[in-house]
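What follows is one structure encoded as structure tokens, with my remarks underneath.
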Amino acid sequence: MLSDSYGRVATDLRVSLTDRCNLRCSYCMPPEGLDWLPSADQLTDDELIRLLGIAVGRLGIKEVRFTGGEPLLRRGLPDIVARTAALTPRPEISLTTNGIGLARLAGPLRAAGLDRINVSLDTLEADTFVRLARRNRLADVLAGLAAAAEAGLTPVKVNAVLMRDVNDHEAVDLLQFCLGHGYELRFIEQMPLDAQHGWRRESMVTADEILAMLAVKFDLVADDPADRGSAPAEAFLIDGGPAKVGVIGSVTRPFCGTCDRVRLTADGQVRNCLFARQESDLRGPLRSGAGDDELAERWRQAVASKLPGHGINDPGFLQPARPMSAIGG
Ligand code: SAM
């Protein structure tokens, strides 16, 4: 098991398949992009599948979520999903994507064994999309969402980050759109993980503000907290249910005490928290011939040292050196 000294057990592995992205969302990356990881530093498919086999076979990982960067940019993704689905015991397999290219890939990914999908959609306005993501790709994202539903990756979940004076007028519109299409919407508070270090607490749209905006149009009742488990999102029943909306208040309503996540970067580093300032290298030992026992033990040690909380609200908080795009959100 991957347990830490505060009694938490990691069963949910987030795997970054690449640090590259085809969008430049301003809360994540500068317009010019970043210095991408050299390809020789990235785990090959075989190296990745070996580590995933250790994770599910020896370390109790039950869910593998592929993310990035933009995971649809990873060549051979359906094959990676199929090889993951063939592991014993078979993990749940999910994907977080910006949806660009999903119109083509949703069917093959479903056929390969993908169980669930989250698609990021911050705005329904083409001009706001360009302002926020610096690319004119809204139509591709909407087509990707429709293809995911068509392929049976249901319920499709949608992630939205609201930015003050950019898209924060769209909370109600986004929810109405998702309700109309049967997608499950979750709002995520903006976190200090952008490569430019431009996050400011005072400009963050908080969970309280999001709920107040939605309350103008919808009757929201908090779902039974017992049903939340380790989920990052607080769920609210809309107009009596059964439809729900989620709010992930990572900054103002942290949920570190129930965290069951651990991360593996595209270059083979274990991170026990999004905000960790230390990583544990698995790629080096793996390439120098370490056996599965040794790799599993290194992974256990990496999780054992997990801190009790992310510390964003502590006066001495320092943002991690790696940005979100290179960690895997
Ligand atoms: N490219 C994929 C996507 O867009 O979903 C996967 C990676 S992206 C880092 C995963 C999620 O993190 C997206 O929903 C994105 O909006 C969110 N995200 C990125 N930077 C963030 C930040 N600074 N604060 C909160 N959420 C962020």
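The values are calculated or read from the model by the stated rules, or taken from the named source; none is laboratory data. Treat the numbers as computed from the prediction; the structure is a model and nothing was measured. Positions of Cβ are backbone-derived with ideal geometry, glycine not excepted, and every protein chain shown enters the neighbour counts. Ligands, DNA and RNA are stripped out before the accessible areas are found, and what is left, the full protein with its side chains, is counted by its heavy atoms. Shrake-Rupley method; radii C 1.70, N 1.55, O 1.52, S 1.80 Å.
Per-structure values
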{"quantity": "The chain, accessible surface, carbon-and-sulfur percent (1.4 angstrom probe)", "calculated": "52 percent"}
{"quantity": "Charge-dipole axis of the chain as Lys and Arg at +1 and Asp and Glu at -1 on Cβ define it, positive-most pick from Leu220, Gln319, Gly180", "calculated": "Gln319"}
{"quantity": "Cβ-placed point charges (K, R +1; D, E -1), dipole of region 274-329 about Cα centre in debye, nearest 20", "calculated": "180 debye"}
{"quantity": "Proximal lysine pairs, the chain, alpha carbons under 24 Å, eight or more residues apart or interchain", "calculated": "5"}
{"quantity": "DSSP beta bridge pairing in the chain, given as percent antiparallel to the nearest 5", "calculated": "30 percent"}
{"quantity": "Charged-residue dipole, Cβ positions (Lys, Arg, Asp, Glu), region 173-238 about Cα centre, Debye nearest 20", "calculated": "180 debye"}
{"quantity": "Principal-axis tilt of helix 138-150 within the chain, Cα atoms, nearest 10 degrees", "calculated": "70 degrees"}
{"quantity": "Label-zone membership for region 247-289, site Gln301, 7 angstrom Cα→C-beta point, backbone N under 16 Å", "calculated": "269-272, 278-289"}
{"quantity": "The chain - Cys residues lacking any other Cys C-beta under 4.7 Å", "calculated": "Cys21, Cys178, Cys256, Cys259, Cys273"}
{"quantity": "Cβ-based charge dipole, the chain, positive-most Cα from Ser305, Leu142, Ile210", "calculated": "Ser305"}
{"quantity": "Accessible area (Å², per residue) of the chain, counting only protein heavy atoms and a probe of 1.4 Å", "calculated": "42 Å²"}
